[in-house]
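The structure under discussion appears below in the form of structure tokens.
Read-outs: derived from the displayed coordinates by stated rules, not from any lab. All values derive from a computational prediction rather than experimental measurement. As a convention, Cβ positions derive from the backbone with ideal geometry for all residues, glycine included, and neighbour counts pool all protein chains shown.
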Amino acid sequence: MRIRISIVGIFCFFAVTCGIAQNLKTVRAEGMGMSPTISDGDNLVIDRRAYEQDKAVARFDIIAFKVSSDLFHYKRVMGLPNEKVEIRGGQFFVNDTLLDEPFEQQRSNESNFGPLVIPENEYFVLGDNRGNSNDSRAFGPIMRDDIKGRVWFRYWPLTQIHTF
């Protein structure tokens, strides 16, 4: 009887673990575009089901997406569909209102962009390292279908374990 319970327990453990693993993807960050939040070489966990079943993409989420390559890109959502976005003197405006950005970032005070009205089902993304980031200022807004998940967790380096 105990052996049967142990086998059932082990089976359940592996079934749950495999189910969770299908929803998560581990990746190694490349580049400094999201520094200091995410650095080159950080190991991250992507929640691939974060936006399934029409779950909303929220402002300030750090998303994983693909743009015409096999590499994942990681950027922060700054503008949502149908919003007007603009950067003036390094400050980010949404619908002509200065956006309070409650996260650490590296700004370029001379940066200007827009204005741009974001189309339906698209998102404007920026790197936290604004002066060294290839983001929506260069390649335009991200289509909803190109979003592959939300950056959920940094597990390496161990001294910087963090949930996002």
### Task
In whole Hz, with x marking every Gly and Pro, tabulate ³J(HN,Hα) for region 24-34 from phi via Karplus 6.51 cos²θ - 1.76 cosθ + 1.60, θ = phi - 60°.
10, 9, 9, 9, 10, 5, 10, x, 10, x, 10
### Task
Take every Cα pair under 8 Å in region 79-140 that's 6+ residues apart, average their separations, divide by the length, and report that relative contact order as a whole percent.
36
#### Entry: For ARG48, net neighbour charge (Lys/Arg +1, Asp/Glu -1) across residues whose Cβ lies under 11 Å away
+2
### Task
Could you grab the Rg to Rh ratio for region 78-162? Cα atoms only, Kirkwood for Rh.
1.00
